[in-house]
Amino acid sequence: TCRDETSLTMTLAHELQHFIQYGSDRATWAFNTLIPSLQPEVIAARGLIWPDIPIEREARIVAKRAAQALVGSENTDLHIESRSREASSSDEIADWKFIREVDTAQEYGDLAGHTRRLFQERLMPVRTELKNVLVDAKKDPRFPEIDLEMLFSGD
């Protein structure tokens, strides 16, 4: 069905964009992947939702753009509306609202800059928690050496 095709297109484009992010700027990818590993209460206290994470925002924009190109804007909009109605949590509702409202004609660009701003403007109070998450992340061989202090200082 068209809904299945739209869903598959969006999922594939989203995950492919993460692969591209990982390959083109692994440090920025790594900083962003720390955020969902924070404790849920820390994420809630900072008011973070998926589109606030730069690599996730970009992946959602790319996914919607790909679906519009492959199955058409009308089918993409119908799929997004359907998923919005089926959403079961406030985070999921907010995510689909973002996807519905995002303008895919606009380039998101500068992931590193968006990431730096997110850490400096919203994540500074949870530095210690992020450092703890980083300790566990470094056990993953795909994870690069990254310096949180450099990100927070803006150097």
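The values are calculated or read from the model by the stated rules, or taken from the named source; none is laboratory data. Remember, predicted model here, so these are calculated numbers, not experimental data. Surface accessibility is based on the protein's heavy atoms, side chains included, excluding ligands, DNA and RNA. Shrake-Rupley method; radii C 1.70, N 1.55, O 1.52, S 1.80 Å.
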(request) Would you check the accessible area of LEU8, probe 1.4 Å, heavy atoms only, in square angstrom rounded to 10? (result) 120
(request) With the full set of protein chains in place, find how many percent of the accessible area of the chain is carbon and sulfur; take the probe as 1.4 Å. (result) 53
(request) Check the straight Cα-Cα distances from LYS97 and name the lysines below 17 Å, setting aside those fewer than 8 residues away within the same chain. (result) LYS64
(request) Would you work out the relative contact order for the chain, in percent, from Cα pairs under 8 angstrom that are 6 or more residues apart? (result) 32
(message) Given a 1.4 angstrom probe, what's the average accessible area per residue across the stretch 67-155, in square angstrom?
(response) 61
(request) Round to a whole angstrom and tell me the spacing of the C-alpha centers of the stretch 76-124 and the stretch 125-155. (result) 24
(message) Given the -39500 (n - 2.57) contribution per DSSP H run of 4+ residues, what per-residue ellipticity at 222 nm results for the chain, rounded to the nearest 500 deg cm²/dmol?
(response) -21500 deg cm²/dmol
(request) On the full set of protein chains, 1.4 Å probe, figure out the accessible area of ILE20 and give it in Å² to the nearest 10. (result) 80
(request) Please label the shape of the stretch 2-88 as rounded, prolate or oblate, based on the square roots a ≥ b ≥ c of the eigenvalues of the alpha-carbon gyration tensor (a/c under 1.5 means rounded; beyond that, a/b larger than b/c means prolate, else oblate). (result) oblate
(request) Working with all protein chains in place, sort TRP96, TRP50 by solvent-accessible area computed with a 1.4 Å probe, largest first. (result) TRP50, TRP96
(request) Could you work out which residue, out of THR76, THR115, THR128, moves most in a Gaussian network model of the chain, that is, has the largest mean-square fluctuation with Cα springs under 10 Å? (result) THR128
(message) Taking just the alpha-carbon atoms of the chain, what radius of gyration and Dmax come out, in angstrom?
(response) 16.4, 50
